[in-house]
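Colleague: Before anything else, here's the structure in question.
The values are calculated or read from the model by the stated rules, or taken from the named source; none is laboratory data. Not measured: the values here are computed from a predicted model. All Cβ positions, even for glycine, are placed from backbone atoms using ideal geometry, and neighbour counts span all protein chains on display. These area figures cover heavy atoms from the full protein model, side chains too; ligands, DNA and RNA do not enter into them. Shrake-Rupley method; radii C 1.70, N 1.55, O 1.52, S 1.80 Å.
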Amino acid sequence: MNENLFTSFITPVILGLPLVTLIVLFPSLLFPTSNRLVSNRFVTLQQWMLQLVSKQMMSIHNSKGQTWTLMLMSLILFIGSTNLLGLLPHSFTPTTQLSMNLGMAIPLWAGAVITGFRNKTKASLAHFLPQGTPTPLIPMLVIIETISLFIQPMALAVRLTANITAGHMLIHLIGGATLALMSISTTTALITFTILILLTILEFAVAMIQAYVFTLLVSLYLHDNT
């Protein structure tokens, strides 16, 4: 219980060298590509899930938006696998770092916005001023819409960071409470241990849901600009 609550969020280092690059690249090994005529069950399940998500997410896009399919599918696989990686014992979750999430959110948001200004300049500028706005409110609404536009990548990154960090902290706190209660009350310790198991199962679901939400919001930003 004397361990710092935020120790699990510190980037691991060996011999003074940060291991974050190797950790970020590790999930790519979990998704092998099969060159056989008949794939195994894991590859078949992986392909089925990708087809299901891509069909649901990209059906609203036109031909220009569908060119982002490969990028968005790679994004949801990367975020989902790194979120799940953090649930392993003695592991590190890269998506708990706001800097990394901003590094993903800002380029994708900027690419979608720039695409909109290139292909739909008038429609993109029209978003800053809703139709029928009274003349005295025009300057205020333009400022508000501009601020809301630039807040979008920050909201993407903060949402992912907050949800993953909160889940890991809850698991850490409940796990520490279970260890402390084992010497005081076995019955209470069993109850908290059951809560810990249920929370861990919930965190597996949250890890996948947050990956889907992040990618879906990027897809919606792209849809508004294509």
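Colleague: Hey, among the residues in region 73-126 that are of a type in the set (D, E, K, R) and assigned to a helix (DSSP H, G or I), which one's nearest to VAL158 (Cα to Cα)?
Modeller: ARG118
Colleague: May I ask you to list the residues in region 126-144 that are exposed (fewer than 12 other Cβ atoms within 10 Å of the Cβ) and within 26 Å of LYS64 (Cα to Cα)?
Modeller: Passing the criteria: ALA126, PRO130.
Colleague: Give just the number: which of (1) open to solvent by 60 Å² or more (accessible area, probe 1.4 Å); (2) modelled with pLDDT of 85 or more; (3) within 30 Å of PHE26 (Cα to Cα) does ILE147 not satisfy?
Modeller: Exception for ILE147: condition (3).
Colleague: Taking the options LEU22, LEU45, name whichever one is at pLDDT below 80, in a helix (DSSP H, G or I) and more than 23 Å from LEU160 (Cα to Cα).
Modeller: LEU45
Colleague: Then there's this: Considering only residues that are over 30 Å from LYS122 (Cβ atoms) and surrounded by fewer than 18 Cβ atoms within 10 Å (Cβ to Cβ), which ones fall in region 207-226?
Modeller: Passing the criteria: MET208, ILE209, TYR212, VAL213.
Colleague: OK, next. Pick out the one residue from LEU199, LEU220, LEU141, LEU129 that is outside any helix (DSSP H, G or I), hydrophobic (A, V, I, L, M, F, W, C) and either touching an Asp or Glu at 6+ places or on another chain (Cβ under 7 Å) or modelled with pLDDT under 90 (or both).
Modeller: Being outside any helix (DSSP H, G or I), hydrophobic (A, V, I, L, M, F, W, C) and either touching an Asp or Glu at 6+ places or on another chain (Cβ under 7 Å) or modelled with pLDDT under 90 (or both) holds for just one of LEU199, LEU220, LEU141, LEU129, which is LEU129.
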